[in-house]
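Single-structure report; data block below.
The values are calculated or read from the model by the stated rules, or taken from the named source; none is laboratory data. As the structure is a prediction and not an experimental result, all values here were calculated from the model. Glycine also receives a Cβ, built like all others from the backbone with ideal geometry; neighbour counts cover every protein chain displayed. Areas reflect the complete protein model, heavy atoms only, side chains present, ligands, DNA and RNA absent. Shrake-Rupley method; radii C 1.70, N 1.55, O 1.52, S 1.80 Å.
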Amino acid sequence: MRYFRYRVILLILLFIAALVVVGAAAFIGMKFMTLSMIAASPLNREIFWLLRVPRVLTAFLAGSGLALCGMVFQALFRNPLADPFTLGTASGASCGAAVTMLAGITGSFIGIPMVSIGAFIGAVAAMACVSAIASLKRTSSSLTMLLAGIAVSFLFSSLLMFFQYMSSFRDSFQIVRWLMGGIQIASYATLGPLLSFWCIGVTLIVLQLPRLDQLLAGEDLARSRGVDIAATKQWLLAATTLLIAGIVAVCGPVGFIGLMVPHICRRIVSANHLFLGPACIFVGGSLLVAADTVGRTIIAPAELPVGVLTALMGGPFFLWLLFGKRRTFDAF
Amino acid sequence: MSAINVNAISFHYTENAPVLKTVSFEVQEKERWAIIGKNGSGKSTLLKCIGNLLKVKSGSISVEGKPVTSYRFKELARLIAYVPQAGNRSLPPYSVREFVMLGRFPYQGFFGLPGLQDRKIAEAVLQLTDTDALADRLLHTLSGGELQRVFLAAAVAQKTGILLLDEPMSFLDPLHQAMMQRSLDRIQEEFAVTILTVTHDVNHALNRFSHICALTNGAPFYIGTTVRFKENARKLLQDIYSITFSEISSCNGHLKYYLPEGVA
């Protein structure tokens, strides 16, 4: 049928575009490298394989994961404003990172910086709080979870502000810098765990894609069509927690991608999650890779934090889509 | 074996505020039941209990001879389809065709890739409900009458023996009501379905349905055939709605209509 063929072709095109972006990004940097340059010099080889490749891969995993989680939360809460940080993960992670910095816990554990581990714990703690509140109320109501998430988010934000207020100027700046997000710390040591969280999280989410379509149509209707709503929500929550915590630990709370990429992709391949899911992975990943590449070249040898750039680059593109001719956002 | 057996069920959302009080009735295959009663008398709740969307607090409901709770979710979804009230629907950002395809979910595997069979059924249902012309429109661009038929189409695509409809005729002008009725007649003719409908239109209930289930404050007030209801319709309607009705015959005298008059 035309409907499927058209969308499958679109997905293939998006996949190729993502490959091109990822492939090209590794050669671009403070110094543009061609294949022969990399082959010729051991230093170039080291820069390419040890710095750029893990960094580009990290950016792709982070961008695609954030976009996918945004898509999940928008369907789960039937709310176009939901994003990966709606349930307080970003503030939880920030708080965790801040505590680690202020406590002076530096260094790394099997190559992973302690700040990342702190952020991971904070993110998981925030999500655990939300789940605990929801299960205490013995409800799987989306609205309860959403409100609990916002409350938890505020709780951790004010804790973070308290820590910042009490900290020295230098520590405070370090925290602010972390909040902007960035992929500088990327290495194979952080890529490994991130990749495993990504694989588990993405697999779990992809398996639930058809159920997301049903949830978006309303819980009564989904239930009447045979969706086990409580189980579906639990799986999705577990998957997104792993994925977001893993990403935020490495890259900090990078905004915009998780909120906007699902909307962009809905325009391209429709809201059918079987297509929307893969589209979010390709577009989200490419967008963060592109933003990071610009971030590390535009004022080289200094770097712009990627969080600053995602919205700067994605915003106009999104507005162009918003005021474009086709679908409106009346219902998403 | 009856299609649905409702056995002394009770339900409440909060303690001390019963919504359904020991309701019992039995529905045979291919019957058309109209559930009537005042606002808040428990009609929609009864429908949701039958669809296992709400768990009854006491009593039991059997579908095709087995308790509703004993079915697996998808299994039950192949026996019962449900259309929510127009006011309680969220409109997902899908086209009509995409939305009707969602009704095929109970027949798809865990990963839910729709097959050729699913697409054929969806196309057939679109035609049956006069929604094929709308197939590529997005849901939120449709009128209330069109939406009612699209939601019905999605339920019919589930290919169930039982349809639970919550006020399928509300917000429809006379033409769209007639179109909706035509769709329902065709569906029943083609798939031999049992239909349970919540409705506020007493004339529609009395003229188009085989059985009536009337609730007052969550308790069963009248349960039985429409024919028997009509023998004493004015009195029964007055007791159900606390308002007097006058009786009018149609021009050819075959049908009787009831018009509300004033508070009794």
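Before moving on, here are some points about what is shown:
- Remark: relative contact order (the range A:1-85) = 18 percent; criterion is Cα-Cα distance under 8 angstrom and separation of 6 or more residues.
- Sequence-separation-based contact order of the range A:2-303, relative, with Cα cut under 8 Å and 6+ spacing, percent: 33
- Pairs of Cα atoms in the range A:2-303 fall into 20 Å distance bins, from 0 up to the last occupied one, in shares of 33, 55, 11, 0 percent.
- Accessible area buried, both sides summed, chains B and A with 1.4 Å probe, Å²: 2900
- The angle separating the long axis of helix B:144-156 from the principal Cα axis of greatest extent in chain B is about 70 degrees.
- Zero-based 10 Å bins, Cα pair distances in the protein assembly as shown, whole percents: 3, 15, 23, 20, 15, 11, 7, 3, 1, 0, 0
- Qualifying trypsin sites (Lys or Arg not before Pro) in the range B:33-139, where qualification requires a DSSP coil assignment and no more than 12 other C-beta atoms within 10 Å, comprise B:K55, B:R72.
- For the protein assembly as shown: accessible area per residue (Å², 1.4 Å): 43
- Here chain B is assigned +1 on the Cβ of each Lys and Arg and -1 on the Cβ of each Asp and Glu. Its dipole about the Cα centre then comes out at about 500 debye.
- Helical content alone sets the calculated 222 nm signal of the protein assembly as shown at -18000 deg cm²/dmol, taking -39,500 (n - 2.57) per DSSP H segment of four or more residues and averaging over every residue.
- Shape analysis of chain B places it in the oblate category; the axes a ≥ b ≥ c from the Cα gyration tensor give an a/c of at least 1.5, with a/b not above b/c.
- For the pair A:A40 and A:F173, the difference between a 0.36 nm per residue extended length and the Cα-Cα distance amounts to 43.8 nm.
- Counting protein heavy atoms only, chain B has 52 percent of its accessible area on carbon and sulfur, 1.4 angstrom probe.
- Folded to 0 to 90 degrees: helix B:116-128 orientation relative to chain B principal axis, Cα: 40
- Farthest positive-ward along the range A:2-303 dipole, Cα basis, beta-carbon charges - from A:G226, A:F256, A:F120: A:G226
- Sparsely packed loop sites in the range B:9-100 (the GluC sites (Glu not before Pro) outside DSSP H, G, I, E and B with at most 14 other Cβ atoms within 10 Å) comprise B:E15, B:E29.
- Mean separation of Cα contacts under 8 Å (6+ apart) over length of chain B, as relative contact order %: 24
- Using the Cβ of A:W178 as centre and a radius below 15 Å, the other residues enclosed give a net charge of 0, where K and R count +1 and D and E count -1.
- Point-to-point label distance, B:F171-A:F317, nm (Cα→Cβ direction, 7 Å offset): 3.7
- Between 0 and 90 degrees, the angle of helix B:174-191 with respect to the longest Cα principal axis of chain B falls at about 70 degrees.
- Membrane-span-like helices in chain A (whole DSSP H runs, Cα extent of at least 27 Å along the helix axis, mean Kyte-Doolittle hydropathy of at least 1.0): A:2-27, A:53-76, A:114-136, A:142-166, A:188-207, A:229-251, A:273-297.
- Radius 12 Å from Cβ of B:Q117, net charge of other residues (Lys, Arg +1; Asp, Glu -1): +2
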